[in-house]
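S.K.: Following this message is one structure expressed as structure tokens.
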Amino acid sequence: MKYDLRRTLVRASVEGAVIFVGILGALFANSWWDTREARERERSYVASLSEDFDENQIRLQRAIESAELVKVAALELLDVEISAQARELGTDSLTVLLRGLQGLPTFEPVTKTYDNILGAGDLLTLRSGDLRSSLADFQSRLLLMNVVQETQERQLVGIIQPYIIEHLDYLAIVQLDSDSVPLPEPIHSESVHAVVGTREFRNWVVTRLDWADDLQDQHITVLRKVEEIQAILRQLESPTRKR
């Protein structure tokens, strides 16, 4: 009887141990699989983020170059101090410079991958704390940049264009690229000569110069953050990355 009891206890212990090991094995397998899936998602996210930020870098560089063209046009107009100089420069050249002031360099960011990560609740899948922090900082910088861009767009429509319409000629503001929309010869094109060099005109140009410089500074700041994120992403994509 004692022998049977001992045998039953041993069998129960063995069966319990087998069940326990099986449960631990299942938990380990599930954990291993979840970890593997998370790493696959992380690699996919890093690759997609790299594409997004490569495009962001290109767009920012274009915006910075566009702002520089506005600044160059403004400085060239400020060099024209009197009407006589304006006539020497020529109406066509003045028109080109005035059109240059109409540029509004803007940056439309690519945030699709980051938005998807947040929407999926997968931010912690990105194990790099530096990457998570830099992405959040990038988003916060975009908020300030968008305020500046939107403010300058309203100023352009509300201040710059009305000034041109009132004091200059339509050729100073219209930027048609299509030959299918013919325009008549300007009647008041000579008016630009009388306006250039006046205090009001110069103040107007300096204001435009200041806006372009401010927006360019915003874009440069965001570009630096983009380049910082690109460096982190390159490190994460490197085959020598420590795992």
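S.K.: Considering L94, L104, L69, which residue is closer than 21 Å to Q161 by Cβ and more than 31 Å from the chain's Cα centre (by Cα)?
M.R.: L94
S.K.: Taking the condition within 30 Å of T221 (Cα to Cα), over 15 Å from the mean Cα position of the chain (by Cα), exposed (fewer than 14 other Cβ atoms within 10 Å of the Cβ) and free of Cβ contacts under 8 Å to residues at least 12 places away in the same chain, does S44 pass?
M.R.: yes
S.K.: Follow-up. Right, R132: basic (K, R), under 30 Å from V192 (Cα atoms) and part of a helix (DSSP H, G or I) or not?
M.R.: It is false that R132 is basic (K, R), under 30 Å from V192 (Cα atoms) and part of a helix (DSSP H, G or I).
S.K.: With modelled with pLDDT of 70 or more and over 20 Å from S83 (Cβ atoms) as the only criterion, which of E166, E185, E190 stands out?
M.R.: E185
S.K.: Which of (1) surrounded by 16 or more Cβ atoms within 10 Å (Cβ to Cβ); (2) in a helix (DSSP H, G or I); (3) not acidic (D, E) is the odd one out, the single condition G103 does not satisfy?
M.R.: All conditions are met except number (2).
S.K.: For I64, work out the one condition from (1) modelled with pLDDT under 95; (2) within 20 Å of V206 (Cα to Cα); (3) surrounded by 15 or more Cβ atoms within 10 Å (Cβ to Cβ) it doesn't fulfil.
M.R.: It fails just one condition, (1).
S.K.: Identify, from the list R59, R127, the residue that is part of a helix (DSSP H, G or I) and not small (G, A, S).
M.R.: Matching residue, one of R59, R127: R59.
S.K.: Hey, could you check region 202-229 for residues that are out of contact with any helix residue (DSSP H, G or I) (no Cβ under 6 Å at 6 or more places or on another chain) and under 10 Å from R141 (Cβ atoms) and say which is surrounded by the fewest Cβ atoms within 10 Å (Cβ to Cβ)?
M.R.: Filtering first and then ranking leaves R224.
S.K.: Among the residues of region 66-100, write down those that are of a type in the set (D, E, K, R) and assigned to a helix (DSSP H, G or I).
M.R.: Of region 66-100, the ones of a type in the set (D, E, K, R) are 68, 71, 76, 79, 81, 87-88, 92, 99.
Listed by number, the residues that qualify are E68, K71, E76, R87, E88, D92, R99.
S.K.: Look at V110 and say whether it is under 29 Å from Q218 (Cα atoms) and without any contact (Cβ under 8 Å) to a residue 40 or more places away in the chain.
M.R.: Taking the combined requirement at face value, the residue does not satisfy it.
S.K.: Every residue in region 70-86 that is in contact with a Gly (Cβ under 6 Å, 6 or more places away or on another chain) and modelled with pLDDT of 90 or more, please.
M.R.: Result: V70, A73.
S.K.: Right, next: Against the definition (aliphatic (A, V, I, L, M), loosely packed, with under 15 Cβ neighbours inside 10 Å and at pLDDT 95 or above), how does I58 come out, yes or no?
M.R.: yes
S.K.: To continue, here is another question. Mind listing whichever residues of region 69-100 are exposed (fewer than 15 other Cβ atoms within 10 Å of the Cβ) and not aliphatic (A, V, I, L, M)?
M.R.: D79, E81, Q85, E88, G90, D92, S93
S.K.: Take D92 and tell me if it is within 18 Å of D169 (Cα to Cα) and free of Cβ contacts under 8 Å to residues at least 24 places away in the same chain.
M.R.: The answer is yes for D92.
The values are calculated or read from the model by the stated rules, or taken from the named source; none is laboratory data. If you're wondering where the values come from, they're calculated on a predicted model, not measured in any experiment. Note that we place each Cβ from the backbone using ideal geometry, even for glycine, and neighbour counts take in every protein chain shown.
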